[in-house]
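Below is one structure; the comments refer to it alone.
The values are calculated or read from the model by the stated rules, or taken from the named source; none is laboratory data. The shown structure was predicted, so the numbers you read here are calculated from the model rather than taken from an experiment. Methodologically, a virtual Cβ is constructed for each residue, glycine included, from the backbone with ideal geometry; neighbour enumeration extends over all protein chains shown. Surface areas here come from the heavy atoms of the whole protein model, side chains and all, with no ligands, DNA or RNA. Shrake-Rupley method; radii C 1.70, N 1.55, O 1.52, S 1.80 Å.
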Amino acid sequence: PPKKHDKKIADKILKYSNININNDDIETVEKLFDKLKATMTENAGIIRDKNKLKKALYDVETIESEIYYKNEFLSKRKIELLNAITVAKEIVKAAQNRTFSVGAHFRLDSPNTQENVNKEENKYEILA
């Protein structure tokens, strides 16, 4: 069970973690979160290839450099973004190292992929 002083400590952390943060900082962090979500969805989503993953890693690293350049103060949301950036980089790196389709993730540049795509396209043409 929590001790009496735990609440006091949590209150102090909350109070001091938002010092010197203005609305511009909050907007910047939220915009960078949106950019991170968009690049991961577009370039490291279910359908991937080498070039998209390369672009995803570049974009994630750019977002990381922007947050360090634009925001000098820590906030809870900024720490969450930094954690999300770390996870995003690891996902992209793992996807770059896995050059084949696995599970629900599909590599367009995987061996035999074009042949499989052509077969799928022909199925739909026949049914249509």
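Tell me, yes or no, whether segment 44-51 has at least one residue that is modelled with pLDDT under 95, open to solvent by less than 90 Å² (accessible area, probe 1.4 Å), more than 10 Å from the chain's Cα centre (by Cα) and among the acidic types (Asp, Glu). Yes, some residue in segment 44-51 is modelled with pLDDT under 95, open to solvent by less than 90 Å² (accessible area, probe 1.4 Å), more than 10 Å from the chain's Cα centre (by Cα) and among the acidic types (Asp, Glu).
Would you confirm, using the coordinates I've provided, whether Thr113 is surrounded by 15 or more Cβ atoms within 10 Å (Cβ to Cβ) and at pLDDT below 90? Judged against the criteria, Thr113 is a match.
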